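The values are calculated or read from the model by the stated rules, or taken from the named source; none is laboratory data. Predicted model, so just to flag it, every value in this text is computed and none were measured. FYI the Cβ positions are ideal-geometry reconstructions off the backbone, even for glycines, and counts take in every protein chain you see. Accessible surface areas use protein heavy atoms only, side chains included; no ligands, DNA or RNA. Shrake-Rupley method; radii C 1.70, N 1.55, O 1.52, S 1.80 Å.
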Amino acid sequence: MPGFGIIKGLKETARNFFGSYHDPGRFVTIQYPEEKREHHENYRSFPFLVYDGDPVKGLRCVSCKICEKECPPQCIYIVPEQDGSGKLLKFPRIFDIDVSVCMGCQICVEVCPFDSIKMDQEFEVSTADRFGGLILNRSKLAKSNEYYHQIRPAEATAVDAQLAAERERQQAKAAAAKSPAPAAAATREKKP
Amino acid sequence: MTPWSTLLALAGDATGSWLAQLKNLATHPWVVNLVAMAVILGANAAFFAVITLLERKGLGRIQNRPGPNRAGPFGILQPAADGIKMITKEDIVPERADQLVHFLAPLVMLAPITLALAVLPYGPQLVAVNLDAGVLFFFAIGTAGELAAFMAGWSSRNKYSLLGAMRAIAQMISFELPLVLSTLVVIMMTGSMSLVEIVAGQGSAAWGLPGWNIFTPWGLAGFLIFLTAAAAESNRSPFDLPEGESEIIGGFMTEYSGFKYAVFFMAEYFGMFAVSGLGITLFLGGWHAPFPFLEWVPGIFWYVAKLVALVFGFIWIRGTLPRLRADQLMNFSWKFLMPLALLNFATAILWHATAGWQFPGAWLCRWLVCFGIVAGAFTGLGRAMLRRRQVGPRIYRYAS
């Protein structure tokens with residue numbers, strides 16, 4: 001009989017109407033400013049600098065400028081620290097990232113040999129000051145290793161393990177250089 | 001006599017005459033009419049505000065989203081926010097528009113509808129103007145909306161406006177006929193064109209059941225035809241072609257902004273309230289309670305409850321059905337609703353002619369026969385409309 005399709009449709013909309021009150025599966029809206037959707041671990045927005053311990057002295061960055069050179073849109077600007085005699089130190093005096101230019105490609109993260117630059121998950125970076133507010137300086141970029149663990153637990157743990165292994169190797173190497181005899185003895189002992 | 005007592009007496013005299021004057025003034029017909037106008041306008045405007053919010057909330061829930069919930073708790077201040085937005089918006093008049101007609105169109109749209117609202121009986125004593133031919137007045141004054149739509153479309157000097165106005169007029173005139181035909185049945189059966197008498201004729205029937213017209217076969221069919229045609233008359237979805245925002249921008253309202261647009265919007269909703277009120281008056285027993293033991297509740301309550309139910313029905317239909325195509329709309333009106341409304345006449349005549357049947361079960365027998373006629377016509381006409389016609393390739397004799 002004609003007209004029953006309309007009744008079927010009305011039934012469906014009524015089911016939606018009442019279902020949205022008691023069925024959370026139907027009512028999928030997330031009230032954004034109050035509640036936020038969980039990010040995936042690989043979600044990324046803009047780069048930040050990791051530090052261990054002290055926010056200034058603990059920066060892992062050695063201002064090698066590899067990321068500055070590799071950055072496709074050239075949004076990173078680094079000036080290394082100098083000591084009194086003009087000798088360059090392994091520490092950035094200025095580290096700016098213009099996030100209005102950054103395209104979030106993650107190439108800086110991939111090229112960094114020191115695991116010092118990582119991708120953040122902070123996306124609410126809008127500002128009323130479009131020139132000053134979108135240039136992130138060293139102090140704004142510096143975020144602790146704990147924060148890194150918080151946003152990407154798996155990746156941060158892997159990076160920590162790798163850094164620890166690297167440090168051990170360095171220490172072993174340094175120890176070997178200082179006292180070659182015991183090391184040699186050790187190698188001798190191992191040989192047979 | 002002391003001066004003090006003289007003063008008191010004078011004051012008493014003055015207050016007495018003042019009160020008497022006030023009483024005279026309050027019962028003056030002009031004052032009574034003004035108060036009635038203010039109440040009708042105010043109550044409908046308030047209802048309009050509430051309904052816009054409920055409509056947005058309800059449509060949202062039908063689409064599994066919360067609807068407006070930012071302005072105030074549960075979004076109850078949303079109508080106020082909308083109003084402020086509408087008033088503060090720039091009121092643009094196209095440079096080459098007919099300024100006067102462009103200005104007048106929203107008013108011509110709103111004024112007749114408020115007049116139509118005045119003749120509806122809201123309660124046993126609550127009728128602003130009790131006209132002998134209230135139904136006739138309602139339709140006569142309601143037709144001015146078509147004029148307003150065309151004024152708006154023509155004066156805007158915009159092709160979308162004009163197309164929208166053409167569509168609006170074609171639709172409104174086409175659906176005017178089934179609308180009037182479905183009400184004529186009620187007038188015929190009641191024997192009066194006065195809305196007050198039509199309501200009075202729908203008191204309780206036998207065995208304490210409501211005597212509303214909708215509980216007769218012709219009333220049921222008439223109500224469904226009326227509801228469909230009313231949705232089309234008040235440009236409600238699925239018959240919102242005149243506005244058709246996805247096809248012709250905004251129809252005849254394209255060149256309107258700010259408060260003039262709000263007035264059009266308000267007129268549209270007032271029109272919906274008016275035709276819903278007429279439907280309630282004609283078919284749903286007006287202000288009558290559904291059962292005699294509920295008669296102690298004031299009539300206005302039942303009227304408003306029925307109005308809310310009908311308006312919610314319109315919202316529900318809006319959330320369900322997609323917009324019709326223009327040719328479907330015309331076919332629906334002329335080939336389906338019109339014959340059905342005419343056949344409903346025959347059913348009503350049969351119902352009237354068999355009123356004298358006395359054998360047991362006569363009422364049920366009459367009901368079934370009449371309902372069978374209407375339902376059969378509905379099915380047959382519907383099948384005929386839905387039949388897929390074989391349409392060959394179109395031949396363009398001059399264009400190709």
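Taking the criterion of being under 27 Å from A:Asp98 (Cβ atoms) and either within 14 Å of chain B (Cβ to nearest Cβ) or loosely packed, with under 11 Cβ neighbours inside 10 Å (or both), the only residue of the range A:43-55 that qualifies is A:Asp54.
On the stretch given as the range B:345-383, residues that are within 14 Å of another protein chain (Cβ to nearest Cβ), without any contact (Cβ under 8 Å) to a residue 24 or more places away in the chain and of a type in the set (Gly, Ala, Ser) total 4.
Which helices (runs of 4 or more DSSP H) sit wholly inside the range B:124-210 and have at least 1 residues that are closer than 25 Å to B:Val297 by Cα and in contact (Cβ under 8 Å) with a residue 12 or more places away in the chain?
Counting at least 1 such residues, we get B:195-200.
Restricting to the range A:1-30, name every residue that is open to solvent by less than 70 Å² (accessible area, probe 1.4 Å), more than 8 Å from chain B (Cβ to nearest Cβ) and part of a loop (DSSP other than H, G, I, E, B). If the condition is that a residue be open to solvent by less than 70 Å² (accessible area, probe 1.4 Å), more than 8 Å from chain B (Cβ to nearest Cβ) and part of a loop (DSSP other than H, G, I, E, B), then A:Asp23, A:Gly25, A:Ile30 are the ones that fit.
Here is a yes/no grid of residues against (1) farther than 16 Å from A:Leu49 by Cα; (2) basic (Lys, Arg); (3) buried (at least 19 other Cβ atoms within 10 Å of the Cβ):
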residue: A:Lys90; (1), (2), (3): no, yes, no
residue: A:Glu110; (1), (2), (3): no, no, no
residue: A:Pro113; (1), (2), (3): no, no, no
residue: A:Asp120; (1), (2), (3): no, no, yes
residue: A:Ser126; (1), (2), (3): yes, no, no
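Just give me the residues in the range B:290-320 being within 21 Å of B:Ala46 (Cα to Cα), crowded, with 19+ Cβ neighbours inside 10 Å and within 14 Å of chain A (Cβ to nearest Cβ), in sequence order. Those that are within 21 Å of B:Ala46 (Cα to Cα), crowded, with 19+ Cβ neighbours inside 10 Å and within 14 Å of chain A (Cβ to nearest Cβ): B:Phe314, B:Ile315. Taken as a whole, the range A:141-150 holds no residue that is over 12 Å from the mean Cα position of the chain (by Cα) and surrounded by fewer than 18 Cβ atoms within 10 Å (Cβ to Cβ). Taking the range B:123-145 as the range and being over 26 Å from B:Arg167 (Cα atoms) and surrounded by fewer than 23 Cβ atoms within 10 Å (Cβ to Cβ) as the test, the residues that pass are B:Gly123, B:Pro124, B:Gln125, B:Leu126, B:Val127, B:Ala128, B:Val129, B:Asn130, B:Leu131, B:Asp132, B:Ala133. When we screen B:Arg61, B:Arg65, B:Arg96, B:Arg56 for residues that are assigned to a loop (DSSP other than H, G, I, E, B), open to solvent by 30 Å² or more (accessible area, probe 1.4 Å) and within 14 Å of chain A (Cβ to nearest Cβ), the only hit is B:Arg65. Only a single item in (1) basic (Lys, Arg); (2) closer than 26 Å to A:Thr13 by Cα; (3) within 13 Å of another protein chain (Cβ to nearest Cβ) is not met by B:Arg325, and it is number (3). Is it the case that some residue within the range B:330-344 is within 27 Å of the chain's Cα centre (by Cα) and farther than 21 Å from B:Gly219 by Cα? Yes, the range B:330-344 contains a residue that is within 27 Å of the chain's Cα centre (by Cα) and farther than 21 Å from B:Gly219 by Cα.
For residues in the range B:328-340 being within 13 Å of chain A (Cβ to nearest Cβ) and under 26 Å from A:Glu12 (Cα atoms), which is most open to solvent (accessible area, probe 1.4 Å)? Among those that are within 13 Å of chain A (Cβ to nearest Cβ) and under 26 Å from A:Glu12 (Cα atoms), it is B:Phe332. Scanning the range B:158-203 for residues that are of a type in the set (Gly, Ala, Ser), under 22 Å from B:Tyr122 (Cα atoms) and surrounded by 19 or more Cβ atoms within 10 Å (Cβ to Cβ) turns up B:Ser182, B:Ser194.
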